[in-house]
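Working notes, structure below.
The values are calculated or read from the model by the stated rules, or taken from the named source; none is laboratory data. These figures come from a predicted structure and were not determined experimentally. All Cβ positions, even for glycine, are placed from backbone atoms using ideal geometry, and neighbour counts span all protein chains on display.
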Amino acid sequence: MSRNLLERVLYQLSVDRSAKQRFRKDAAGFLDRFALADEERRMVVEFDVLALQRAGVNPMLTMGFWQELSPSRDMRAYMACLRPVSDGEAVHVAALRQQEGENQNG
């Protein structure tokens, strides 16, 4: 696996409008220009963010890729790909859940 190459692909797909358009139109064709292994191509095409992170890809890149191009673009669905998410649970890092009985002010 080439973490650096995967990160370059996801970065380009997150910031380059024409790359996003080409990927939406023909994901496999867009990825042909990169020397990705079949498994790496599968992870990108299937939005397998868990496999991408396990391959060492930066979580901010997987999240940006998801938000820009995934079919649902829903953060709850993104988090569900990474770990179980309970109903009503905040899915943003900044919204930490407090432990039962813990005072909000410290």
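Yes/no per residue for (1) at pLDDT below 95; (2) of a type in the set (A, V, I, L, M, F, W, C); (3) more than 28 Å from residue 4 (Cβ to Cβ):
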site	(1), (2), (3)
49	yes, yes, no
71	yes, no, no
75	yes, yes, no
84	yes, no, yes
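Report, ordered by the first and then the second residue, all pairs with beta carbons closer than 8 Å, sequence separation of six or more or different chains, a first member in region 1-27 that is farther than 18 Å from residue 51 by Cα, and a second member that is surrounded by fewer than 16 Cβ atoms within 10 Å (Cβ to Cβ) and of a type in the set (Gly, Ala, Ser).
22/29
If residue 5 satisfies all but one of (1) surrounded by fewer than 11 Cβ atoms within 10 Å (Cβ to Cβ); (2) touching a Leu at 6+ places or on another chain (Cβ under 9 Å); (3) modelled with pLDDT of 90 or more, what's the number of the condition it fails?
Result: residue 5 fails condition (1) only.
Go through (1) more than 16 Å from the chain's Cα centre (by Cα); (2) assigned to a helix (DSSP H, G or I) and name the single condition residue 33 misses.
(2)
Sort out which residues of region 36-66 are part of a helix (DSSP H, G or I) and without any contact (Cβ under 8 Å) to a residue 24 or more places away in the chain, and write them in order of number.
38, 41, 42, 45, 51, 54, 59, 60, 63, 66
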